[in-house]
1. So who's got an amide H within less than 5 Å of the one on A:LYS51, skipping anything under 5 residues away but keeping other chains? H placed 1.01 Å off N, in plane.
2. Considering only Cα-Cα distances, which of the following residue pairs are longer than 32 Å: A:LYS21/C:LYS238; A:LYS102/C:LYS238; A:LYS21/C:LYS118; B:LYS76/D:LYS64?
3. How high is the relative contact order of segment D:3-89, in percent, with contacts defined as C-alpha pairs under 8 Å that are six or more residues apart?
4. Obtain the nm distance between the two label points defined at D:LEU21 and C:ILE223 by a simple spin-label model: each point lies 7 Å from its Cα along the Cα-to-C-beta direction.
5. How far apart, in nanometres, would the label points at C:ASP92 and B:VAL15 be if each is projected 7 angstrom from Cα along the Cα-to-Cβ direction?
6. Please give the contour-minus-distance gain from C:GLU129 to C:PHE141: 0.36 nm per residue of separation, less the Cα-Cα distance, rounded to one decimal in nm.
7. Could you work out, residue by residue across B:6-17, how many beta carbons of other chains sit within 10 Å of that residue's beta carbon, and then give the average as an integer?
8. In what sequence do C:VAL24, C:VAL182, A:VAL84 fall when counting other Cβ within 10 Å, fewest first?
Amino acid sequence: MVYWISIILMGIGIYGLLTQKNLFKQLISLAIIDTAVNVFIIAAGYVEGGKAPIYTKALPSFLKGAFVDPLPQALVLTAIVIGVGVLALGAALLVRVKEKHKNLDVENMKGVGE
Amino acid sequence: MMTALVVLAGAIMTVAAVFAVEAKKILDSVIAMSVVSLVSVFLFIAMRAPDVAITEASVGAGLVTAVFLVALFRMKGGDEE
Amino acid sequence: MRRLYAILIAAGFVYMMLSFLGVVPGYGNIDLCSRVSSSFLLKDVSEQNAKNWLMAKGLETKSIEKVYGEKNKEDGCANVVTSIVVNYRSFDTLGEVTVLFTAALGVGLILGGTRRKKYGLLPNFVFRESTRILVPLIILFGAYIFVHGHLTPGGGFPGGTIIAAAALLLYLADEEFFLSKVSTGALEGSMGGLYVIAGLLGLAIGGYFLYNFLPTGRVGNLISSGIVPIVYTFIGLKVGAELSGLITDLHSEEG
Amino acid sequence: MSWNEMLGQILMVVGGFFYFLGGLGMIRMPDVYNRLQAGTKATTLGTFSTVLGVGIAYPPFLIKSLIIIAFVALTNPVGSSVLARASYLAGVKPAPITKVDEYKGGESS
């Protein structure tokens, strides 16, 4: 189920990346792909009926189905923060591009795409 | 119950993503992207990942939207001069 | 025409990913025993309870004693994700922090300046005065999140982001406010240096980089799990200073 | 069910009722300022009531819920006032039924 949601979101992101001529729209498509991939990786570690991976007083029922898998969560925690760095750097670059070329359209820039 | 909520969240995310890609104004697009991030927080909670959920809520939905809005505001400010 | 090609490519990608779904295990049907060790799953907050439970099940008690008696890699953290992120994948986190630093450095090189960019917004009395009350509380909340990172959900990265949100609030409330580049740079650099020094201390004492050399205490206490809360405090302050510097760069101009 | 759980759940139901009133106001009110007023006032009361109900029903959460109430009381009115001011400065006209506009001509801060 969640696999389907994230794959459809990735498809929408790729579609936006291919069709939109505005650079800011392409950055937003990249952000959508980022979120979708994170959802996909978390879904790969979900165990039906599992608990959140935090030790509490009650001991988990024996092994199978005790926790969800904590390793994808740690990886996604890294991926989210790096995504912020990438998107902020992209936004800063776009501010400069706008100052230089006066617009963000890929096909109307001087010296680009001709 | 949980499955129905997950399906609803997926529907909202898909509609918001299509709107974010196809909207005419970039401001609408940024807000729709933030909606996608916020609903994905619910998916993370449904998949028992509270750590990722709190990080996505503060970093992905909060800071990225703020940075995009500030960058957009700078661009708009440059337009009027 | 362009849209048609885009739809075709996106549909091809979706078809490829859906056929790939046959390889990964189905949603929710993962056998966790094949992924992690059993002693990892058998830790508990209350020691006595766990022993009784194991005795009642007729299982061997050796593993549970090993968990409480010796140091193993996940020692002391109640939150497993934290123990993965800052205990035995800590070198990875050091690289992640470096990537974030590089991104903030890039933003500073592209947009940075020494003067506050003014938009000519009118000052708002209510917002400015309430921001003065709120900002210390927000910073306190961020500190709470990253100090309790090994017990509750949260940790250094969301805590640092909340601190950066306080800086963003100050920028929105006051047209004159400008965070000095020196202060954020000094805080960030010293915290990154302390992280590396903690790793080198582990190398000197335990034999490998970022070894958890402090006593680990009991699972669930605030002062437990060795250097994990200390390292998370470093990460939280570093990320907060970095993102505050990033927001400062976005609000500044040359001149 | 002990008395404190009962009291807490009654408070939670009252909070849900206030949320419902806030949602109704969002639909029924004519312009953005009235909607902000409905959305903020009703949901602030609803949050107070719900969080206090949780704190009374489960006493370990009482202090945390009081802190949350203090936070909400600080942030919610400020956010609402800033939103209203921003929409006024952006040129959103109030509904024609409005009689008094004290904000016209700038503020006196």
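Throughout, read-outs are computed from the coordinates displayed, never taken from laboratory work. Keep in mind the model is a prediction, meaning the values are calculated, not measured. Please note: Cβ atoms are built from the backbone with ideal geometry, for glycine as well, and neighbour counts cover all protein chains shown.
1. Correct list: A:PHE67, A:VAL68.
2. Working: A:LYS21/C:LYS238 37 Å; A:LYS102/C:LYS238 36 Å; A:LYS21/C:LYS118 30 Å; B:LYS76/D:LYS64 42 Å.
Beyond 32 Å: A:LYS21/C:LYS238; A:LYS102/C:LYS238; B:LYS76/D:LYS64.
3. On the way: 96 pairs, mean separation 29.3, N = 87.
It comes to 34 percent, rounded to a whole number.
4. 4.9 nm
5. Placing both labels 7 Å beyond Cα along the Cβ direction yields 3.7 nm.
6. Numbers: separation 12, 0.36 × 12 = 4.32 nm, distance 1.94 nm.
Full extension from C:GLU129 to C:PHE141 adds 2.4 nm.
7. Counting other chains' Cβ atoms within 10 Å and averaging over B:6-17 gives 4.
8. Numbers: C:VAL24 12, C:VAL182 8, A:VAL84 25.
Fewest-to-most ranking of C:VAL24, C:VAL182, A:VAL84: C:VAL182, C:VAL24, A:VAL84.
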